[in-house]
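Student: I'd like to ask you about the structure that follows.
The values are calculated or read from the model by the stated rules, or taken from the named source; none is laboratory data. Note that the structure is predicted; figures quoted are calculated from it, not measured. Here the Cβ positions follow ideal geometry from the backbone for every residue, glycine too, while neighbour counts run over all protein chains shown.
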Amino acid sequence: MASVVLNGVKKIYKGGFTAVKNFDLEIKDKEFVVFVGPSGCGKSTTLRMIAGLEEISEGKIYIDGKCVNDTEPKDRDIAMVFQNYALYPHMSVYENMAFGLVLRRVNKDEIHRRVLEAAEILGISDLLGRTPRALSGGQRQRVAIGRAIVRVPRVFLMDEPLSNLDAKLRNQMRAEIMLLREKIDTTFVYVTHDQTEAMTLGDRIVIMKDGYIQQVGTPREVFESPANTFVAGFIGSPPMNFFKAGITGSKDKPYLSIGGAEIPVSKKVLENINLPEDKKVLLGIRPEHIYIASGEGISGEIKVSEMMGSELHVHLSTDEGATVVIRVPTLDLSDEQKKRLTAHNTVYFGFREHALHFFDIKTGENLRKTSSL
């Protein structure tokens, strides 16, 4: 088991394109850290630099306290699971899992023990005699993970291992990775563009954009206290809604001015906010924290109403042209209310003020004073 530390790591390609910029991170021993962000943000490049598959342009990477910049991948004592499985088609499952140990000239009895143990952990003991072509996508991914497990590495690196699976199988494999983590108890670095995987798997999440770290924190921290509008909009499904707003009224009786609406807000909500001099902010509110009001609040015309089973996703357009998504639980809705929440109807909505987020309009930074960012 080992810690992983990245100090000022950069990746600059020929031509001057910088894929990873000033990356600083300490991953503790036995921690599960997830790199998440949109395509092209530098997360896979960072993982490949940890593995030694990409040369580091600047900075240093340490594994278990040792600088590995000049250490060959095979000597870093890491194991990597790829998106495309990378199994040998002519070999059996057993042979695929054993192959790396054979190259290392591990004793045959030890190889056999490790393969059987890994197969038992992953529930593929009955597949050891098959070839990859006779397996489903989920089974192939288990074999790829098993091949990594048998090496007993200090660090597991996983590069979007579930992206080729369908939604149902992805959910199943995500749960299995969580159980696997408990069984083998080692350091994991996991890359994904799927925020659900990041939120459910990670002890901490590293959110990236354009080669920079935007925020590092626990799933709860990045959801409840996003560092900026990018994080706020990236984490959460459907994403956070944003409104240009002004703070009006008096200190004891403030209002949120949004479009033509003046919405009263508790002065306690504003106590921990570093308001700019002009008192103009970008207001953020998640779809589940907006409620349908009766005849007062902000008005909007329903464009689309998506039935999601236990809830409706109601898409509105306000008079100012803002697009708003509201999550409405369907359990207690009457037939009349459901009929009202259909396209072309106009409704009013309000905010649950305890869940409001305030961001700087120019920089997008969170304006909270007491944020754990």
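Student: Is there any pair linking a residue in the stretch 340-356 that is assigned by TED's automatic domain parsing to the domain that holds Leu312 to one that is surrounded by fewer than 16 Cβ atoms within 10 Å (Cβ to Cβ) and part of a strand (DSSP E or B), with Cβ under 6 Å and at least six apart or on different chains, and which?
Tutor: Thr346/Glu301; Tyr348/Ala293; Phe349/Ala293; Gly350/Tyr291; Gly350/Ala293
Student: Next question. Checking Gly65 against (1) free of Cβ contacts under 8 Å to residues at least 60 places away in the same chain; (2) within 27 Å of Val5 (Cα to Cα); (3) surrounded by fewer than 12 Cβ atoms within 10 Å (Cβ to Cβ), only one condition comes out false. Which one?
Tutor: Checking Gly65 against (1) free of Cβ contacts under 8 Å to residues at least 60 places away in the same chain; (2) within 27 Å of Val5 (Cα to Cα); (3) surrounded by fewer than 12 Cβ atoms within 10 Å (Cβ to Cβ), the one that fails is (1).
Student: Something else about it: Exactly one condition in (1) in contact with a strand residue (DSSP E or B) (Cβ under 6 Å, 6 or more places away or on another chain); (2) at pLDDT 90 or above is not met by Gly249; state its number.
Tutor: Going through (1) in contact with a strand residue (DSSP E or B) (Cβ under 6 Å, 6 or more places away or on another chain); (2) at pLDDT 90 or above one by one, Gly249 breaks only (2).
Student: Since Val152 meets every condition but one in (1) more than 20 Å from Phe82 (Cα to Cα); (2) of a type in the set (A, V, I, L, M); (3) in a loop (DSSP other than H, G, I, E, B), which condition does it not meet?
Tutor: That leaves (1) as the condition not met.
Student: Where residues in the stretch 77-120 are of a type in the set (S, T, N, Q) and at pLDDT below 90, which of them is surrounded by the most Cβ atoms within 10 Å (Cβ to Cβ)?
Tutor: Restricting to residues being of a type in the set (S, T, N, Q) and at pLDDT below 90, the top hit is Gln83.
Student: State which residue is farthest from Leu47 (Cα to Cα) when the search covers only the stretch 207-255 and only residues that are aliphatic (A, V, I, L, M), in contact (Cβ under 8 Å) with a residue 60 or more places away in the chain and not in a loop (DSSP other than H, G, I, E, B).
Tutor: That would be Ala232.
Student: Give the number of residues within the stretch 179-206 that are part of a helix (DSSP H, G or I) and closer than 16 Å to Leu165 by Cβ.
Tutor: Number satisfying all stated conditions: 5.
Student: Would you tally the residues in the stretch 66-123 being among the polar types (S, T, N, Q), within 31 Å of the chain's Cα centre (by Cα) and under 26 Å from Asn164 (Cα atoms)?
Tutor: Adding up the residues that qualify gives 3.
Student: Kindly indicate whether any position in the stretch 130-144 is out of contact with any helix residue (DSSP H, G or I) (no Cβ under 7 Å at 6 or more places or on another chain), surrounded by 19 or more Cβ atoms within 10 Å (Cβ to Cβ) and under 20 Å from Leu201 (Cβ atoms).
Tutor: Yes: the stretch 130-144 contains one or more residues that are out of contact with any helix residue (DSSP H, G or I) (no Cβ under 7 Å at 6 or more places or on another chain), surrounded by 19 or more Cβ atoms within 10 Å (Cβ to Cβ) and under 20 Å from Leu201 (Cβ atoms).
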